[in-house]
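Notes for the one structure printed next.
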Amino acid sequence: NRRILLLLSDSTGAEEPGHSLSEQEIFENLEKIFKESKGRIIAATFGSLLNRIQQLIYLSERYGRKVAVDGYSLKNNVEVCRQLQYIRADKGTFIQLAETANYPDNRITVICTGAQGEADAVLMKIANREHRFLRFKKGDSVIFSSSVIPGNERTVQNLKDDILRQGVRVYHYKMMDIHAGGHAKQEEL
């Protein structure tokens, strides 16, 4: 009756039973990390995952943290979204990466690229001590707010291992629900 001629559906999660996590659940789990973290929070996610970026900004504001963004695609996306008001932040929330040294560690959140272990991404540069402004410190927390894309498992695990060796806490989707895949599962389909 409605003249629907075609259904296109994503099948990536078709073999997974159940439902995807809700963004509210993810937010609550991210908040646990913000409550516990004594040092800087460095969150790596996809540059296009705007809702997660907004959640990290909101939590940073709630816990009195300044936010620095690094990574080419991420910086561009955040800037465009701020201009279009898709991403909102209080005045003074964002700082330049070089300014992070002017604040106590427990007042800093860095949102960056590199959750897939890309060689030239920000997280890898920090882990390899090649980043211009950042080095990991004991007490830092790193959030991998992404699932591992098939084929990247070894690279991502090596990156996590390198970060852990530097005395940093690492959080990822296999240890707590801090990322939803974005692909509908069986019940949703």
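The values are calculated or read from the model by the stated rules, or taken from the named source; none is laboratory data. Just so it is clear, the model here is predicted, and its values are computed rather than measured. All Cβ positions, glycine included, derive from the backbone under ideal geometry; neighbour counts span all protein chains shown.
Out of all the residues in the stretch 97-116, is one or more more than 17 Å from the chain's Cα centre (by Cα) and surrounded by 18 or more Cβ atoms within 10 Å (Cβ to Cβ)?
Yes - at least one qualifying residue is present in the stretch 97-116.
Anything in the stretch 8-35 that is among the charged types (D, E, K, R), loosely packed, with under 11 Cβ neighbours inside 10 Å and either at pLDDT 90 or above or in contact with a Phe, Trp or Tyr (Cβ under 6 Å, 6 or more places away or on another chain) (or both)? List them, or say none.
Of everything in the stretch 8-35, just one residue is among the charged types (D, E, K, R), loosely packed, with under 11 Cβ neighbours inside 10 Å and either at pLDDT 90 or above or in contact with a Phe, Trp or Tyr (Cβ under 6 Å, 6 or more places away or on another chain) (or both), namely Lys35.
Glu28 fails exactly one of the following numbered conditions: (1) among the charged types (D, E, K, R); (2) closer than 27 Å to Ala121 by Cβ; (3) within 18 Å of the chain's Cα centre (by Cα). What is the number of that condition?
All conditions pass for Glu28, except number (2).
Among the residues of the stretch 51-80, which ones are touching a Cys at 6+ places or on another chain (Cβ under 6 Å) and either part of a strand (DSSP E or B) or among the hydrophobic types (A, V, I, L, M, F, W, C) (or both)? Full working, then the answer.
So in the stretch 51-80, the residues touching a Cys at 6+ places or on another chain (Cβ under 6 Å) come out as 70-71.
Scanning the stretch 51-80 gives a single hit, Asp70.
How many residues are touching a residue at least 60 places away in the same chain (Cβ under 8 Å), within 17 Å of Glu118 (Cα to Cα) and assigned to a loop (DSSP other than H, G, I, E, B) when one looks only at the stretch 135-185?
The total comes to 1.
Give me a count of the residues in the stretch 1-42 that are assigned to a loop (DSSP other than H, G, I, E, B) and closer than 30 Å to Lys138 by Cα.
Looking only at that region, the number is 4.
Among the listed residues Ala121, Ala127, Ala184, which satisfies the condition of being within 30 Å of Pro17 (Cβ to Cβ) and of a type in the set (A, V, I, L, M)?
Answer to the selection: Ala184.
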